[in-house]
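Peer 1: There's a structure below that I have some questions on.
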2 protein chains.
Amino acid sequence: MTDLSTFFRPRGVAIVGASRDPDKLGHSLMKKLIQYNYRGQIYPINPKAEEVLGWKCYTSVTQAPDPLDLAVIIIPAPYVERVLVECIERKVSSIVIISGGFRETGPEGAKREQRLKEIIEANGVHVIGPNCVGLMDTHTPLNVTFLKDMPAPGEIGFLSHSGALCAAVINWARQAGVGFSRIVSLGNQVDVTQTDLLTTFVDDSNTRVITLYLEGVDDGPEFIEVARAMSLKRPILAIKAGTGEAGARAVSSHTGALAGQDAAYSAAFRRAGILRATTMEELFNWARALAWQPLPKGNRVGVLTNAGGLGVMAADAIEAAGLKLAELTEETKAFLRERTPPAASVENPVDVLGGSGSATYGLAMDALLRDPNVDVVCVMQAPADWFSVPSLAEVVGEIAGYARKPVLACMMGLEPMGEAAQVLNRRQIPNYTFPEQLGSTLAAMWARCQWLDAQAAGDQQPAEQITADTAAARAILEGKHGLLPPEDAGALMKLYGIAAPGAGLASTPGDAAKLADEIGYPVVLKIASPDIVHKIDVGGVVVGLEDADAVRAEAAAMIERARQAKPGAAIQGVHVQQMVKGKEIIVGVTRDPQFGPLVMVGSGGTAVELTKDVAFDLAPLARKEAAAMLDRTTAGPILGGYRGAPGSDRAAAEAVITRLAQLAIDLPQINEIEINPVIVRGAGEGALAVDVRVLLK
Amino acid sequence: MTDLSTFFRPRGVAIVGASRDPDKLGHSLMKKLIQYNYRGQIYPINPKAEEVLGWKCYTSVTQAPDPLDLAVIIIPAPYVERVLVECIERKVSSIVIISGGFRETGPEGAKREQRLKEIIEANGVHVIGPNCVGLMDTHTPLNVTFLKDMPAPGEIGFLSHSGALCAAVINWARQAGVGFSRIVSLGNQVDVTQTDLLTTFVDDSNTRVITLYLEGVDDGPEFIEVARAMSLKRPILAIKAGTGEAGARAVSSHTGALAGQDAAYSAAFRRAGILRATTMEELFNWARALAWQPLPKGNRVGVLTNAGGLGVMAADAIEAAGLKLAELTEETKAFLRERTPPAASVENPVDVLGGSGSATYGLAMDALLRDPNVDVVCVMQAPADWFSVPSLAEVVGEIAGYARKPVLACMMGLEPMGEAAQVLNRRQIPNYTFPEQLGSTLAAMWARCQWLDAQAAGDQQPAEQITADTAAARAILEGKHGLLPPEDAGALMKLYGIAAPGAGLASTPGDAAKLADEIGYPVVLKIASPDIVHKIDVGGVVVGLEDADAVRAEAAAMIERARQAKPGAAIQGVHVQQMVKGKEIIVGVTRDPQFGPLVMVGSGGTAVELTKDVAFDLAPLARKEAAAMLDRTTAGPILGGYRGAPGSDRAAAEAVITRLAQLAIDLPQINEIEINPVIVRGAGEGALAVDVRVLLK
């Protein structure tokens, strides 16, 4: 995808469908462009008018003179194709189609859209839309939407799959005093997608944070790759709509029951370093902090307040967010003790009490920011009559301005567009109405720190190289459908180096000892006879045999016992089975339509659907990624040796996970695989796939 | 506690500490009282002034004439005691002490507060405070606080342990256009507590919802009892601050590690029917809906929107909240099809498309409200230039007004104090900025419905009557400390009817068979010899014996095998142990300082601290409550027979829970008890306490 910045910095704009009728969208669009001070040329295209709002009309876009970089089309759907062709003739390569009447309206519209797609691809032009509300860049400034308002210039870019949400966000932003750099309504994405625009937004010097409202992406792997590269440069925050999974799905395994689109998106976002918000408010609370403040170097939070209750709430929010209250140095406490009232708290949260004003706040804030044990400072303030909030805002803003640590404010009850709020906005201090919002925002900042650190530490190692005899694997699957027979599933595991417990039939005590030597100890012996149903009753089960001598002796004794107990029974010998002790985990793979093989790992057992103690990631997987999956469930600490229990062979468990992921990539004819349980033995002893289900397409 | 309504409807108010100096709080207080149109008599008490703000001064409260119902004290702490005595002389029995300088400042202040407490109790007066910001009743109107503003009159009552938060909430409420009936800052609660005021608030006809900001309660059982009775009449919503448990606690059991103040409060709130909010915003989002709208009769939500994206977001929010999208009747769909544009969606969410105005909205909303499959309607609206939002607000308000089903709105981007917002407020339609807030509010409404239904169905059955020989139990514990020896713990369980697996030592094969008959089958035999460490190696373990003959034969064979394998070993006979198969659960009790015995139930195993698959409730417990605890964890479905497994003896599991709860009540010298695991056998087969830990004070 070539440069899309022309969409945001055109020297001239043609409005195809510009109208003199104030009730028409084509009129609104012209009006916004003028009203919001677009400084380039405007060419209304309307064969029936001389001029619109003072700008000379042209009969066709082909007639419009230079400079002309952007065409915006807002005419009935049947005429759009012709205008698109004219734009191409006129060598306008950036086109926004606002008109609806395409894919969203049914088969006929879909055909119409398909024809547009073919023309676009054949000619290498770029089209945003159709069926969108347009786009804006507050810095150019350029507003080619028919929306009521444009937000103030700011640092947040917003890309949306919903036009309605653009409108809602803009209204809210104006009331909240939040500025935006660019807003794009993506519509049907006949050509330009959210993935394409990510790069353009990152390249925009005015955009410091990118926010996304996604209803879905249809270029899964590319989206992840681009977003991951861009996340290194700018924070990307997203809301994914349609998280629910209404309606029943056919469920054929635990993995199938637990995996879903939402798990796939979460995994994709985590890989790409995208911070996932669950509410619009959260999205923009995070965006303001990430746009305006530096990232913290650690997770130790200093809290400054003038009311104990706010300190308690802040402490709760910080703990809930997974950060912690900083332990202040003795120097800081001594400094504070001399400068605050006797009843003040110089322990974190620092409470300067209700009578203190901006001067005391300033001194205390400076001390907190200089304390080496503090990574981020939250300034809380309870409203009071005698308190000059604008003065506090100035002081907080000034001190934060020369600190290299992030500062967040919770000055409660500010009027959104009042003096103090404006001071904070100008000083780029994000302010929050209630303390809980601080916690959520700190958690997002800290998550970004950790992601960036992991990237810098090379955590994104390439996926593990696993070479298996894929031809043999394909041969096993050849011509099969539905559930693969267990022996084939076992053979498939073997090809991918996933071990299973050893087992076999021995006809003599000597053979049993030999077999046990091959399988490894301990083993269990069971009498092999079609005539003996209740083996235990005849002493036909012996467990925990530790060496060949014991196996030989017990096998002989067992056969003898069985003969005496059931004279005349046909005795084939003994079954020798490896006794597998260890911790159980579950590993499975399903196939996501957008993101491909989706791997699930969890603590084992049939109750996994109830406990939902599982983690997801996308194949292929690096060893570290498999390890991280284990650690997102209780399987991690359990395998690690929880509460004094000996540790298990985590490396072997990780290998099963990466190998199963590779298998799913190599063999797309497999719909689902599940191993439940994988028994992970003691350190160095390996992991064994006890029950394997493979479901083909 | 007698009637506290005089605090809110006094005929005359004395302000002790009223000042002519505008910088003094005693001046602010007088000013607010006058400014907010208090219509009763005002008596400034100040020996050094003739009048304050036009009201005649008195040298002492004893001098103030009738009517005088309320005294507000705002003078330095050392003088408060004398004034309190004067108030009592003057027969003023409702007193607010705003002054700080008591318990919150250290030991000397605490002594001062203790003296106040003694005087109050001796004289039967009622005191709110000290160290508070006062109270207001917007309907009287009465404002005896020194806060900047008073909110508009409304239906929400607010009780707060934090004065700062009162101020913040009021500022926020004014901006959001949310009204309040009463606000009380409780301060140090030397006398009047949140529990006392709950009743007074419920008795107030202007208060339809009560909101609480709690930092803690110190009358746990009374608080639950009063709040439960009041919840039947009015919704009570609460935030509990200090949810975090900073600092390490000594942990002596899984229960100890998992239980905490927060679990106790959650249990208390659930018992009392209090809806627990996690953020202030959520608290008042819920409060508006519960104050203004009827409760739904079911959980089927109809969504009406003019933009597909908002419908998707609403559907997500509804599913996340545990409600569901209503299936519209064919009649409704046919009605809608005739009245909406061809491309509109007449399936729920109903999308009337961007071009539709308030008339179409009105028709569609009426149809949704009349559909028998719809219990609640959410009206969403994306902002658009050509759309008259005030008109939509009028239509929505009018239709909702004659419906008996709740209506919530999400008209996005409304100016908080703009015309449309005012129409909605007047019509008592709660409006939310973003769809996610709808979901959270619906969940709260639905939770209240379910709680009320459970009460109506008599779910609050009395706790199970469990009579045990408490004298014998006390005798077991007599003189003991720390961890109780296992045999004593076993004896204690027996006294409370909690069974353990049978076990014993038999010296001969005949005794073994007799013992097995007593214990019940199947049993396991193990060789009993101090000289044989690895029992399995000598065939010294046999499992699954089903009858006396098998036990006799195997015991003899085992003793013989052991003799041959270890000649000269001292053989005492065989251990006979009941083989217990079943599902494992964990049941434990700790002691909460406010709420008493806190019972924990969870799925079993040592990993319970990792999975946190546990539920808490307070003792004593009714059977239904024990059952509900199981159902809040995966133990519920697992015992019920999950995925085709046979069901377990749930009744026996419930009995263990209620019995252990009673034991904890009867024996306060026990700090913690934990049974891990309780093995729950098949239906009708009982539940057995396998490992019991009892920790004494």
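The values are calculated or read from the model by the stated rules, or taken from the named source; none is laboratory data. Quick caveat: nothing in here was measured; it's all calculated off a predicted structure. Reconstructed Cβ throughout: ideal geometry from the backbone, glycine too, with neighbour counts over all protein chains shown. SASA here: full protein model, heavy atoms, side chains in, ligands and nucleic acids out. Shrake-Rupley method; radii C 1.70, N 1.55, O 1.52, S 1.80 Å.
Peer 1: For residues that are in contact with a helix residue (DSSP H, G or I) (Cβ under 7 Å, 6 or more places away or on another chain) and surrounded by 23 or more Cβ atoms within 10 Å (Cβ to Cβ), scanning just segment A:639-662, find the one that is nearest to the other protein chains (Cβ to nearest Cβ).
Peer 2: Only one residue tops the list, namely A:L639.
Peer 1: Still on this model: Can you name every residue in segment A:132-171 that is over 25 Å from the mean Cα position of the chain (by Cα) and within 17 Å of A:E282 (Cα to Cα)?
Peer 2: Answer for segment A:132-171, where residues must be over 25 Å from the mean Cα position of the chain (by Cα) and within 17 Å of A:E282 (Cα to Cα): just A:N171.
Peer 1: In addition: Counting only residues that are touching a residue at least 40 places away in the same chain (Cβ under 8 Å) and of a type in the set (K, R), which one in segment A:294-333 is nearest to the other protein chains (Cβ to nearest Cβ)?
Peer 2: A:R300
Peer 1: Considering segment A:586-633 alone, what residues qualify as being assigned to a loop (DSSP other than H, G, I, E, B) and in contact with a helix residue (DSSP H, G or I) (Cβ under 7 Å, 6 or more places away or on another chain)?
Peer 2: Residues of segment A:586-633 that are assigned to a loop (DSSP other than H, G, I, E, B), as a first pass: A:593-595, A:604-607, A:612-613, A:619-622, A:632-633.
Passing the criteria: A:Q594, A:F595, A:T606, A:A607, A:K612, A:D613, A:A619, A:P620, A:L621.
Peer 1: May I pose another question? Among the residues of segment A:136-151, which ones are part of a strand (DSSP E or B) and either among the hydrophobic types (A, V, I, L, M, F, W, C) or on the phi > 0 side of the Ramachandran plot (or both)?
Peer 2: We begin by selecting, within segment A:136-151, every residue part of a strand (DSSP E or B); these are A:136-137, A:142-145.
Result: A:M136, A:L142, A:V144.
Peer 1: If only one of A:P107, A:P141 is assigned by TED's automatic domain parsing to the domain that holds A:G17, within 15 Å of A:L29 (Cβ to Cβ) and not aliphatic (A, V, I, L, M), which one is it?
Peer 2: Numbers: A:P107 fails: within 15 Å of A:L29 (Cβ to Cβ).
Of the residues listed, the single one that is assigned by TED's automatic domain parsing to the domain that holds A:G17, within 15 Å of A:L29 (Cβ to Cβ) and not aliphatic (A, V, I, L, M) is A:P141.
Peer 1: Of these, A:G413, A:G397, A:G355, which one is out of contact with any Cys (no Cβ under 8 Å at 6 or more places or on another chain), open to solvent by less than 40 Å² (accessible area, probe 1.4 Å), at pLDDT below 95 and assigned to a loop (DSSP other than H, G, I, E, B)?
Peer 2: Numbers: A:G397 fails: assigned to a loop (DSSP other than H, G, I, E, B); A:G355 fails: open to solvent by less than 40 Å² (accessible area, probe 1.4 Å).
Exactly one residue qualifies, and that residue is A:G413.
Peer 1: Could you figure out which of (1) touching a Leu at 6+ places or on another chain (Cβ under 6 Å); (2) open to solvent by 20 Å² or more (accessible area, probe 1.4 Å); (3) over 30 Å from B:H481 (Cβ atoms) isn't true of B:N671?
Peer 2: (3)
Peer 1: Has segment A:359-371 got any residue that is open to solvent by 20 Å² or more (accessible area, probe 1.4 Å) and in contact with an Asp or Glu (Cβ under 8 Å, 6 or more places away or on another chain)?
Peer 2: no
Peer 1: How about segment B:166-225: which of its residues are of a type in the set (F, W, Y) and open to solvent by less than 10 Å² (accessible area, probe 1.4 Å)?
Peer 2: Going residue by residue through segment B:166-225, those that are of a type in the set (F, W, Y) are B:172, B:180, B:201, B:213, B:223.
B:F180, B:F201, B:Y213, B:F223, listed by residue number.
Peer 1: Go through segment B:128-143 residue by residue and tally those that are surrounded by fewer than 24 Cβ atoms within 10 Å (Cβ to Cβ) and more than 21 Å from B:E155 (Cα to Cα).
Peer 2: Of all residues in segment B:128-143, those surrounded by fewer than 24 Cβ atoms within 10 Å (Cβ to Cβ) come to B:131, B:138-141.
Pick out the ones that are also more than 21 Å from B:E155 (Cα to Cα) and you get B:131.
Going through segment B:128-143 one residue at a time, the tally reaches 1.
Peer 1: Moving to a separate point now. Can you pull out the strands (runs of 3 or more DSSP E) entirely within segment B:494-545 that have at least 1 residues that are touching a His at 6+ places or on another chain (Cβ under 7 Å) and open to solvent by 50 Å² or more (accessible area, probe 1.4 Å)?
Peer 2: Numbers: elements: B:503-506, B:523-528, B:541-545.
Passing ranges, in order: B:503-506, B:523-528.
Peer 1: Quick one: A:D366 ticks every box in (1) assigned to a helix (DSSP H, G or I); (2) over 19 Å from A:G309 (Cβ atoms); (3) touching a strand residue (DSSP E or B) at 6+ places or on another chain (Cβ under 9 Å); (4) not basic (K, R) bar one, so which box is it?
Peer 2: (3)
Peer 1: Also, I was wondering about something else. Quick check, is A:G568 assigned to a strand (DSSP E or B) and either over 19 Å from B:I536 (Cα atoms) or more than 48 Å from the chain's Cα centre (by Cα) (or both)? Show your work before the answer.
Peer 2: Values: assigned to a strand (DSSP E or B): no; either over 19 Å from B:I536 (Cα atoms) or more than 48 Å from the chain's Cα centre (by Cα) (or both): yes.
It is false that A:G568 is assigned to a strand (DSSP E or B) and either over 19 Å from B:I536 (Cα atoms) or more than 48 Å from the chain's Cα centre (by Cα) (or both).
Peer 1: Taking segment A:434-477 on its own, how many of its residues are of a type outside the set (A, V, I, L, M, F, W, C), part of a helix (DSSP H, G or I) and touching a residue at least 40 places away in the same chain (Cβ under 8 Å)?
Peer 2: Keep residues of segment A:434-477 that are of a type outside the set (A, V, I, L, M, F, W, C), which gives A:435-437, A:439-441, A:448, A:450, A:453, A:455, A:458-462, A:464-465, A:467, A:469-470, A:474.
Within this subset, residues satisfying the condition of being part of a helix (DSSP H, G or I) are A:435-437, A:439-441, A:448, A:450, A:453, A:455, A:470, A:474.
Narrowing the set further to residues that are touching a residue at least 40 places away in the same chain (Cβ under 8 Å) leaves A:435-437, A:439-441, A:448, A:455, A:470, A:474.
The number of residues fulfilling the criteria is 10.
Peer 1: Given A:L295, A:L290, which one is aliphatic (A, V, I, L, M), in a helix (DSSP H, G or I) and at pLDDT 95 or above? Reasoning before the result, please.
Peer 2: Values: A:L295 fails: in a helix (DSSP H, G or I).
Residue meeting the stated conditions: A:L290.
Peer 1: Looking at segment A:423-433, which of the residues that are open to solvent by less than 40 Å² (accessible area, probe 1.4 Å) and touching a residue at least 40 places away in the same chain (Cβ under 8 Å) is farthest from A:E155 (Cα to Cα)? Talk me through it step by step, then tell me what you get.
Peer 2: In the first step, residues of segment A:423-433 are kept if they are open to solvent by less than 40 Å² (accessible area, probe 1.4 Å); the result is A:423-424, A:429-432.
Now narrow it down to the ones that are touching a residue at least 40 places away in the same chain (Cβ under 8 Å): A:429-430, A:432.
On the way: A:I429: 13, A:P430: 13, A:Y432: 18 Å.
Among them, the one singled out is A:Y432.
Peer 1: Within segment A:68-77, does at least one residue satisfy the condition of being within 25 Å of A:R112 (Cβ to Cβ) and touching an Asp or Glu at 6+ places or on another chain (Cβ under 6 Å)?
Peer 2: Among the residues of segment A:68-77, not one is within 25 Å of A:R112 (Cβ to Cβ) and touching an Asp or Glu at 6+ places or on another chain (Cβ under 6 Å), which makes the answer no.
Peer 1: Another question about this same structure. Confirm whether A:N285 is surrounded by 20 or more Cβ atoms within 10 Å (Cβ to Cβ), closer than 24 Å to A:P416 by Cα and more than 11 Å from chain B (Cβ to nearest Cβ).
Peer 2: On the way: surrounded by 20 or more Cβ atoms within 10 Å (Cβ to Cβ): yes; closer than 24 Å to A:P416 by Cα: yes; more than 11 Å from chain B (Cβ to nearest Cβ): yes.
Yes; evaluated as a whole, the condition is true for this residue.
Peer 1: Go through segment A:467-484 residue by residue and tally those that are surrounded by 12 or more Cβ atoms within 10 Å (Cβ to Cβ) and under 15 Å from A:L695 (Cβ atoms).
Peer 2: The total comes to 5.
Peer 1: Looking at segment A:154-168 only, could you name the residues that are more than 8 Å from chain B (Cβ to nearest Cβ) and either among the hydrophobic types (A, V, I, L, M, F, W, C) or in a helix (DSSP H, G or I) (or both)?
Peer 2: Selection gives A:I156, A:F158, A:L159, A:C166.
Peer 1: If you don't mind, another one. Can we say A:E338 is of a type in the set (D, E), open to solvent by 40 Å² or more (accessible area, probe 1.4 Å) and either within 18 Å of A:Q381 (Cα to Cα) or touching a helix residue (DSSP H, G or I) at 6+ places or on another chain (Cβ under 7 Å) (or both)? Explain how you work it out, then say what you get.
Peer 2: Numbers: of a type in the set (D, E): yes; open to solvent by 40 Å² or more (accessible area, probe 1.4 Å): yes; either within 18 Å of A:Q381 (Cα to Cα) or touching a helix residue (DSSP H, G or I) at 6+ places or on another chain (Cβ under 7 Å) (or both): no.
For A:E338, the condition - of a type in the set (D, E), open to solvent by 40 Å² or more (accessible area, probe 1.4 Å) and either within 18 Å of A:Q381 (Cα to Cα) or touching a helix residue (DSSP H, G or I) at 6+ places or on another chain (Cβ under 7 Å) (or both) - is not met.
Peer 1: I need the full set of residues from segment A:413-462 which are away from chain B (no Cβ under 14 Å) and among the β-branched types (V, I, T), in order please.
Peer 2: If the condition is that a residue be away from chain B (no Cβ under 14 Å) and among the β-branched types (V, I, T), then A:V423, A:I429 are the ones that fit.
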